[in-house]
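Asker: Dumping the structure here so I can ask a few things about it.
The values are calculated or read from the model by the stated rules, or taken from the named source; none is laboratory data. Values in this document were obtained by computation on a predicted structure and should not be read as measured data. Here the Cβ positions follow ideal geometry from the backbone for every residue, glycine too, while neighbour counts run over all protein chains shown.
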């Protein structure tokens, strides 16, 4: 019997994604359109988050949740305190399964669905059309202006979500970071896109009778995506990770369509020591003392593991005259995340 786990949390790249079985019938997006190629070598993109992905160690619950989402072609909603590795999980999966660069969509209170799908530079197109018409002395509606309509793809760019839904043969990895910061409508707006695996670009639909296929740049500047009849359709559903720090609740309809995973806070010295060794393998001096101080501070307020890494990095580099003491470094770095800094009088 073959290995059930496609993602294994082993930190070594492999071709396990090729063993991913066919989706459930209700999540099958296969169509006969042309496949868009993409670079599966994540190392070639030089993402600064890759070192964290190399060091990431997934617990068994995390491995099971990732594989459940892969099999069911459903988004994975990851919750937990800041610094527990919610975003890093996306990079770890992309690296291990050789699924190319992560398509990251950072969310804020003003983010809307279209921001993730595509951007259209209408002003740039109007300006270019005016300049070209003047240069050619071509009146509106002429053959020259009609010819320029074929270049509409130059003024369009797919967003991270839109790129993830392009017709790739393998799932792209999409990170929708801090979805809990979004406007209240965004989770519901995502439902239809997640269910249908497609979206429409009205600017292309309007010219589809004359220009049925238009090449559009993806978010990662990879191979242009051929958009047919103004619609972008996925061939296989992307692997979507949505992260949340728990700042808001989500509607039941949204939760029903997600696989959910909660990453617990890292609160044992053994796990912390493993994290430190993975990120700072040469660190040795005072590591145990810094970890003990971190755990002591964490007992009275919220801390993130990257604060521990910051402290250990500083300890290894604060030697010589004028260097702050370990007590002072602890005060500077181990400041509780759930405490408001008092305003100066």
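Asker: Does segment 323-345 hold any residues that are in a loop (DSSP other than H, G, I, E, B) and at pLDDT 75 or above, and which are they? Show your work before the answer.
Answerer: Restricting attention to segment 323-345, the residues satisfying the condition of being in a loop (DSSP other than H, G, I, E, B) are 323-325, 334-345.
Listed by number, the residues that qualify are 323, 324, 325, 334, 335, 336, 337, 338.
Asker: Do we find a residue being loosely packed, with under 14 Cβ neighbours inside 10 Å and at pLDDT below 80 anywhere in segment 285-304?
Answerer: Applying the first criterion (loosely packed, with under 14 Cβ neighbours inside 10 Å) to segment 285-304 yields 285, 288-289, 292, 296, 299-301.
Among the residues that remain, those that are also at pLDDT below 80 are: 285.
Scanning segment 285-304 turns up at least one residue that is loosely packed, with under 14 Cβ neighbours inside 10 Å and at pLDDT below 80.
Asker: Continuing with this model, one more query. Please work out if residue 210 is loosely packed, with under 15 Cβ neighbours inside 10 Å, modelled with pLDDT under 95, over 23 Å from residue 25 (Cα atoms) and touching a helix residue (DSSP H, G or I) at 6+ places or on another chain (Cβ under 9 Å).
Answerer: On the way: loosely packed, with under 15 Cβ neighbours inside 10 Å: yes; modelled with pLDDT under 95: yes; over 23 Å from residue 25 (Cα atoms): yes; touching a helix residue (DSSP H, G or I) at 6+ places or on another chain (Cβ under 9 Å): yes.
Considered against the rule, which asks whether it is loosely packed, with under 15 Cβ neighbours inside 10 Å, modelled with pLDDT under 95, over 23 Å from residue 25 (Cα atoms) and touching a helix residue (DSSP H, G or I) at 6+ places or on another chain (Cβ under 9 Å), residue 210 comes out as yes.
Asker: If I ask for residues that are modelled with pLDDT of 85 or more, surrounded by 13 or more Cβ atoms within 10 Å (Cβ to Cβ) and out of contact with any helix residue (DSSP H, G or I) (no Cβ under 8 Å at 6 or more places or on another chain), which ones from segment 261-284 would you list?
Answerer: Hit for segment 261-284 is 262, nothing else.
Asker: Let me confirm something: among 104, 74, which residue is in a loop (DSSP other than H, G, I, E, B), surrounded by 19 or more Cβ atoms within 10 Å (Cβ to Cβ), in the same structural domain as residue 201 (by TED's automatic domain parsing) and at pLDDT 95 or above? Please lay out each step first, then the result.
Answerer: On the way: 104 fails: in a loop (DSSP other than H, G, I, E, B).
Result: 74 is the single residue among 104, 74 that is in a loop (DSSP other than H, G, I, E, B), surrounded by 19 or more Cβ atoms within 10 Å (Cβ to Cβ), in the same structural domain as residue 201 (by TED's automatic domain parsing) and at pLDDT 95 or above.
Asker: Suppose the filter is in contact with a helix residue (DSSP H, G or I) (Cβ under 9 Å, 6 or more places away or on another chain) and either surrounded by fewer than 15 Cβ atoms within 10 Å (Cβ to Cβ) or farther than 26 Å from residue 154 by Cα (or both); does residue 221 pass it?
Answerer: Numbers: in contact with a helix residue (DSSP H, G or I) (Cβ under 9 Å, 6 or more places away or on another chain): no; either surrounded by fewer than 15 Cβ atoms within 10 Å (Cβ to Cβ) or farther than 26 Å from residue 154 by Cα (or both): yes.
Here the answer is no, as residue 221 does not meet what is asked.
Asker: Would you mind stating whether residue 157 is at pLDDT 95 or above, over 17 Å from the mean Cα position of the chain (by Cα) and under 30 Å from residue 184 (Cβ atoms)? I'd like the intermediate steps shown before the answer.
Answerer: Details: at pLDDT 95 or above: yes; over 17 Å from the mean Cα position of the chain (by Cα): yes; under 30 Å from residue 184 (Cβ atoms): yes.
Spelling it out, residue 157 is indeed at pLDDT 95 or above, over 17 Å from the mean Cα position of the chain (by Cα) and under 30 Å from residue 184 (Cβ atoms).
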